[in-house]
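Worksheet for the structure shown next.
Read-outs: derived from the displayed coordinates by stated rules, not from any lab. Predicted, not measured: the structure shown is a model, and the values here were computed from it. FYI the Cβ positions are ideal-geometry reconstructions off the backbone, even for glycines, and counts take in every protein chain you see.
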Protein chains: 2
Amino acid sequence: MAQSETVDRILDAAEELFAERGFSETSLRMITSKAKVNLAAVNYHFGSKNALIQAVFARFLTPFSSTLDRAFDDLEARCGDTPPTLNQTLWVLTESAIRMPQRSERGLSIFMRLLGLAYTQSQGHLRKFLEQQYSNPFGRFMRLLKEATPQLSAVDRYWRIQFMLGATAFTMSSSDALRDILHNKLGVETTVQEIAARLVPFLAAGMQASDPLMVVPSLGKTASG
Amino acid sequence: MAQSETVDRILDAAEELFAERGFSETSLRMITSKAKVNLAAVNYHFGSKNALIQAVFARFLTPFSSTLDRAFDDLEARCGDTPPTLNQTLWVLTESAIRMPQRSERGLSIFMRLLGLAYTQSQGHLRKFLEQQYSNPFGRFMRLLKEATPQLSAVDRYWRIQFMLGATAFTMSSSDALRDILHNKLGVETTVQEIAARLVPFLAAGMQASDPLMVVPSLGKTASG
DNA sequence: CATTGTTGCAAACGATTGTTTGAAACATAC
DNA sequence: GTATGTTTCAAACAATCGTTTGCAACAATG
């Protein structure tokens, strides 16, 4: 692929529209008219709409996964024999995402929303594509999480990782809307970087909570304060 | 509306298909063929596809919101002057959801997934409908959360509530798949109730984390352990 | 009996979807 | 110049979408 002007314009338009409206709610005609290219250009350059969706993800994830891999290398080298802490592991992931060179200032939040949509919208082809392409850095992240929380049983850790994933994917996928609401309610401006910086302590604290299961608060004796 | 057999069959089929595939990915023809009713029945009984989507939510949320309201009444009566704790507030919400009479054993997880989809899929009409219909119990829950976390600033509390929402909606919406994965990996069976009992301590700990923003772990000095 | 209002049904409606086609436009090489 | 391979373009393709229509089936009421 010669990386023509047309290809980039399609990718840019598709990325933005997918993030705004979801995948199946975005038609090729919307994309091509926003990109100011002919309708047939998508099928010519990418082959199908599904392949275009995958290409949008690959354009961000491929450079990101090698950046992340190097960041994990650095982290483990710095720590020597002792495994990295939970906070360090989470922050390396977050920082790697934040530091990625963006096409626009909303670049990261756009892509975070796409990642969130990839989880919630049941695009089977996309799930398989992401699993096949990026299983390595994902598996490494999971290994680091395990070493950073040796006090948790495998079952406890499993569920809490899901809770973390959920909080992250959900928040990031709606980050634009949530920022707008906060701006209207309290007049506060927020960056994606700040959201991430708030998310990490929340996740780390939840991950290290002392009670794995809820102690049901009864009438007389209240649980915790 | 006479609550005919047909209406219920349509609602059952729609609820399940929407949860499986999302709203716009589910056609009326799928719904009516699964419900074994005529295609025109949806527009006859509900008026439009959007009205059907709203009806699916109303069928669960209307009884749930009054149940929740009574549960909050009980909680505040038990606590007297002192505001309920965070754990208590979270658990009352969780328990009210769990105790709701379900149409099937997967009823709650189906509906949790629908709630998650309502947030992520940009269905403007649904957002407005939910806000108009159920602003009261939602606002009351927010008030209780505020009184239970007086140490948090409004901005901190806002974001952490979003994190809680995300972890909950995401986990519950995928609870079936997540339970299957856990069963295959570790051979452990899990109930929705147990997931909820694990979720509450995680959320409470995250909500009460000491650092609102991340303290970047530097090379020499690592943040927390 | 006839009348009326409700529900069920097959068929069609116009609109929109992703994809394909065949020719025009273009650049590059001989 | 001709020939070749790539890219663009308008137009059409078949399929599917939500919705509407006209009529049959049915129960209830007079």
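Summary table below
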| quantity | calculated |
| --- | --- |
| Calculated FRET efficiency for the pair A:ASP81/A:ILE181, C-beta based, R₀ 45 Å, to 0.05 | 0.45 |
| Loop sites in region A:1-110: chymotrypsin sites (Phe, Trp or Tyr not before Pro), DSSP, at most 15 other Cβ within 10 Å | none |
| Pairwise FRET efficiency - B:LYS128 versus B:MET30, Cβ, R0 = 30 Å, nearest 0.05 | 0.75 |
| For B:104-114, mean number of other protein chain Cβ atoms within 10 Å | 0 |
| Taking region B:60-213 and dividing mean pair separation by its residue count, relative contact order in percent (alpha carbons under 8 Å, at least six apart) | 33 |
| Distance between modelled label sites at B:ASN38 and B:LYS146, nm, 7 Å Cα→Cβ extension | 5.2 |
| Cα gyration tensor, the protein assembly as shown - rounded (a/c under 1.5), prolate or oblate | oblate |
| Under 20 Å from the Cα of B:LYS185 - lysines, other chains or at least 8 residues apart | A:LYS128, A:LYS146 |
| Gyration tensor (alpha-carbon) shape descriptor, region B:60-213, a/c threshold 1.5 | rounded |
| Magnitude of the charge dipole, the protein assembly as shown, Cβ model with Lys/Arg +1 and Asp/Glu -1, debye to 20 | 680 |
| The protein assembly as shown, helix-only ellipticity at 222 nm - DSSP H runs n ≥ 4, -39,500 (n - 2.57), divided by all residues, nearest 500 | -23500 deg cm²/dmol |
| Exposed GluC sites (Glu not before Pro) absent: longest stretch of chain A, with sites in DSSP loops and at most 13 other Cβ within 10 Å deemed exposed | A:1-104 |
| Farthest toward positive dipole pole in region B:60-213 [+1 Lys/Arg, -1 Asp/Glu at C-beta], among B:MET142, B:LEU182, B:GLN132 | B:GLN132 |
| Distances in nm from A:GLU76 to the matching label points in the other copies, shortest first (labels 7 Å along Cα to Cβ) | 5.4 |
